Amino acid sequence: MRQQNLLKKKTISGLFWSFLDLFANQGIKFAIQIILARLLLPKDFGIIGMITVFIAISQSFIDSGFTNALIRENEPTQEDYSTVFYFNLFMAIVMYAILFVFSVDISNFFKEPQLIGILRVIALVLIINSFGLIQKTMLTKNINFKIQTRISIISSVLSGVIAIIFAYVGFGVWSLVIQTLVMQFIQSLLLILWNRWVPSLVFRMQSFKKFFGFGWKLVLSGIINTLYNNLYFLIIGKVFSAVELGYYTNAQKLRDVASQSITASVQKVSYPVLSTIKEDENNLRYVYKKIIKTSVYVNFPLMIGLAAIAKSFIVLIFGSKWINSIVYFQVLCFSGMLYPLHAINLNILQVKGRSDLFLGLEIIKKIIGVISIAIVLYFKLGIMGLIWALVINSYIAYFINSYYSAELLDYSTIQQIKDVIPAFILSIFMGIVVYFSNKIFLLDNLLKLILQIIIGITVYVFLSITWKMEELKTVYEFIGSVLKRLKLIR
């Protein structure tokens with residue numbers, strides 16, 4: 001009982017700081033994104049989107065699944081941490097060299113000459129980031145997100161202000177490059193200063209083999225997943241234009257501010273928490289179900305609500321030049337609904353040490369995804385066809401991801417659906433009410449947006465009380481805990 005209370009206390013603390021990171025750090029990033037979107041052109045964001053996939057894949061190679069292996073390890077040694085650190089640094093240098101050499105070919109592929117210089121500069125984040133990976137892993141393993149939150153907020157503010165200044169004086173796309181570099185540099189520097197871990201001059205082959213045995217399947221699945229998730233940047237940038245890619249990139253970023261931020265917060269807390277109770281099957285299943293039900297209770301109405309208010313929301317915050325991204329954003333919200341479910345179901349495979357299943361599932365999902373993309377391109381269904389294919393694949397992927405939860409936890413897909421369907425129904429009904437309220441009230445965008453948000457929250461809470469949703473109590477208790485920590489209530 002004492003261990004359970006301690007675990008609950010650490011979980012609440014982790015969630016508090018993780019969600020504070022969500023609302024503070026992501027709120028800051030969102031505000032900066034609004035200002036930059038008004039100062040820059042859609043093409044500027046499109047150009048950065050073209051090279052996103054190459055940076056993301058390189059980062060997967062650098063990590064190689066070792067950080068997850070360290071988190072899962074019961075008592076990693078100084079030699080373990082040092083070995084992974086040197087491997088990460090070595091891989092970062094190798095990947096930077098590869099991108100530097102192939103920057104000309106990447107530029108020719110997209111027919112954008114300025115990509116050469118941009119890629120060679122922005123790829124430096126790979127080396128910069130490698131210096132703080134172990135410190136971040138150690139903090140995550142200890143479920144210490146307080147320091148990470150502070151670092152994220154500081155780096156977001158400083159890099160954002162600098163980017164806005166450069167954008168204002170006319171640096172264009174380079175202001176986005178500078179923002180990325182400054183943010184990663186500050187994060188790594190503060191992680192080193194706050195965590196104060198120094199690697200030993202040792203590379204232990206036994207540690208490397210141990211973590212590589214677990215991590216290589218994760219890194220391969222991560223590369224497949226990263227390549228697939230960024231495939232749209234490649235296709236839209238190549239087949240259509242940098243401007244259209246800019247619309248898509250901003251729509252995706254806006255969706256991710258909400259959905260993937262919640263997913264990341266839940267995922268990075270749930271993984272170390274579930275890892276600590278992986279031997280207690282009953283407790284593991286109970287905590288697992290509670291995380292799933294609470295996550296979708298928050299994320300479903302958020303995504304559907306954003307889709308319902310998209311028109312007045314995007315025009316108000318980004319301006320009329322981004323109006324073409326509205327429909328992209330609305331459709332993307334329906335794929336973002338399932339992100340927490342994907343993450344939590346995949347977490348259990350790692351907790352149970354089944355990286356082989358993790359890899360197998362990624363391969364199956366991506367084969368289905370590539371086939372659907374090929375069909376869209378063959379029949380020339382355009383960007384909307386690609387985005388709808390992404391949504392359909394997201395729902396197919398959920399059934400695939402949740403399949404092994406039945407075997408590993410005795411918690412089947414059918415049981416999961418039964419647990420999340422009430423939040424889905426309530427969210428759909430709320431979304432319909434909010435969407436049609438836009439047609440009824442003839443107000444300016446700001447007043448209309450405020451009214452829609454108030455209506456959405458009121459309808460969802462009322463329906464939750466009527467339906468007797470226990471997750472409402474969980475969220476209420478969590479909010480109370482947050483307010484007490486912030487000393488806003490006694």
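Scanning segment 82-107 for residues that are over 28 Å from LEU234 (Cβ atoms) and open to solvent by less than 20 Å² (accessible area, probe 1.4 Å) turns up SER82, THR83, VAL84, PHE85. Can you name every residue in segment 108-119 that is under 23 Å from PHE61 (Cα atoms) and buried (at least 16 other Cβ atoms within 10 Å of the Cβ)? Across segment 108-119, the qualifying residues are LEU115, ILE116, ILE118, LEU119. Of all residues in segment 427-446, exactly one satisfies the criterion of being buried (at least 18 other Cβ atoms within 10 Å of the Cβ) and of a type in the set (Phe, Trp, Tyr), namely TYR435.
Of the residues making up segment 447-490, just one is at pLDDT 85 or above, exposed (fewer than 12 other Cβ atoms within 10 Å of the Cβ) and in contact with a Leu (Cβ under 8 Å, 6 or more places away or on another chain), namely ILE465. Only one of the numbered conditions (1) touching a Phe, Trp or Tyr at 6+ places or on another chain (Cβ under 8 Å); (2) open to solvent by 30 Å² or more (accessible area, probe 1.4 Å) is not met by SER188, and that is (2). Does any residue of segment 131-146 turn out to be open to solvent by 50 Å² or more (accessible area, probe 1.4 Å), modelled with pLDDT under 95 and part of a helix (DSSP H, G or I)? Yes, some residue in segment 131-146 is open to solvent by 50 Å² or more (accessible area, probe 1.4 Å), modelled with pLDDT under 95 and part of a helix (DSSP H, G or I).
Restricting the search to segment 330-345, which residues are modelled with pLDDT under 85, buried (at least 24 other Cβ atoms within 10 Å of the Cβ) and among the aliphatic types (A, V, I, L, M)? Once the filter is applied, which keeps residues that are modelled with pLDDT under 85, buried (at least 24 other Cβ atoms within 10 Å of the Cβ) and among the aliphatic types (A, V, I, L, M), segment 330-345 yields only ILE344. In the set (1) open to solvent by 30 Å² or more (accessible area, probe 1.4 Å); (2) of a type in the set (A, V, I, L, M); (3) over 19 Å from PHE45 (Cβ atoms), VAL315 fails one condition alone, (3).
Residue count for segment 167-182, restricted to those that are assigned to a helix (DSSP H, G or I) and open to solvent by 30 Å² or more (accessible area, probe 1.4 Å): 7.
Close Cβ contacts (under 9 Å, 6 or more residues apart or on different chains) running from residues in segment 199-218 that are modelled with pLDDT under 70 to residues that are surrounded by 19 or more Cβ atoms within 10 Å (Cβ to Cβ) and among the β-branched types (Val, Ile, Thr) comprise GLY215/THR67.
For (1) surrounded by 16 or more Cβ atoms within 10 Å (Cβ to Cβ); (2) free of Cβ contacts under 8 Å to residues at least 60 places away in the same chain, each residue gets a yes or a no:
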{"residue": "LEU357", "(1), (2)": "yes, yes"}
{"residue": "GLU362", "(1), (2)": "yes, no"}
{"residue": "GLY369", "(1), (2)": "yes, no"}
{"residue": "TYR378", "(1), (2)": "no, yes"}
{"residue": "ASN393", "(1), (2)": "yes, yes"}
{"residue": "ALA397", "(1), (2)": "yes, yes"}
{"residue": "ASN401", "(1), (2)": "yes, no"}
{"residue": "TYR404", "(1), (2)": "yes, yes"}
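Annotation note: of MET91, MET50, the sole residue that is under 21 Å from LEU176 (Cβ atoms), in a helix (DSSP H, G or I), touching a residue at least 12 places away in the same chain (Cβ under 8 Å) and in contact with a Phe, Trp or Tyr (Cβ under 9 Å, 6 or more places away or on another chain) is MET50.
The values are calculated or read from the model by the stated rules, or taken from the named source; none is laboratory data. Just so we're clear, the structure is a prediction, and the values are computed from it rather than from any experiment. Cβ atoms come from the backbone with ideal geometry, glycine included; neighbour counts cover every protein chain shown. When the accessible area is computed, the model is the full protein with side chains, heavy atoms only, and any ligands, DNA or RNA have been set aside. Shrake-Rupley method; radii C 1.70, N 1.55, O 1.52, S 1.80 Å.
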